[in-house]
């Protein structure tokens, strides 16, 4: 019988006894079923990422994910109307995707907003970013209708995943911390 543990202040997550990291609900619903090849391909081909909902608070996940991606060589365009005009990682935070100065070069939008906020973000991304290839929704963020809209336009959509975690898992960085990543490599 599954039991619940706090997922966040806003919800709960079901876990199966005996396997604390297995979320049966996600697997049974068919979510999180992206191949490693697809994730690796997206992460290798992406050059510029607009992080929607990024925070200037260094303890927030959106801050350290955006910072990490920047340190890995991606150009990060921070987007958050609450911090518009402030600087983050050397870039001015834009109030919207339409206001990103280098919007013609953005390949991927990484969404750090609640699921119900996703549709207008996806619609704006499709309208404002001519080079868009990927919509990436962070862990806990999913919206099937918005995903279908983007996919109908030929955009790759990844939901309920974190590019920082996937990068670390697929390119050997989690292994250094002792995690079994399921990726076979000669790297230590």
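The values are calculated or read from the model by the stated rules, or taken from the named source; none is laboratory data. Since we're looking at a predicted model, the values are computed, not measured. Neighbour counts run over all protein chains shown; Cβ positions are idealised from the backbone, glycine included.
Of the residues making up segment 59-71, those that are at pLDDT 95 or above and in contact with a helix residue (DSSP H, G or I) (Cβ under 8 Å, 6 or more places away or on another chain) are 65, 68, 69. Within segment 61-82, the set of residues being in a helix (DSSP H, G or I) and more than 18 Å from residue 113 (Cβ to Cβ) comprises 67, 68, 70, 71.
Residue-level check: of (1) under 13 Å from the mean Cα position of the chain (by Cα); (2) modelled with pLDDT under 95, residue 183 misses just (1).
Taking residues in segment 103-127 that are farther than 14 Å from residue 80 by Cα, and partners anywhere that are buried (at least 24 other Cβ atoms within 10 Å of the Cβ) and at pLDDT below 95, not one pair has Cβ atoms closer than 7 Å while being at least 6 places apart or on different chains. Note on segment 36-60: residues that are buried (at least 18 other Cβ atoms within 10 Å of the Cβ), part of a helix (DSSP H, G or I) and touching a strand residue (DSSP E or B) at 6+ places or on another chain (Cβ under 8 Å) total 2.
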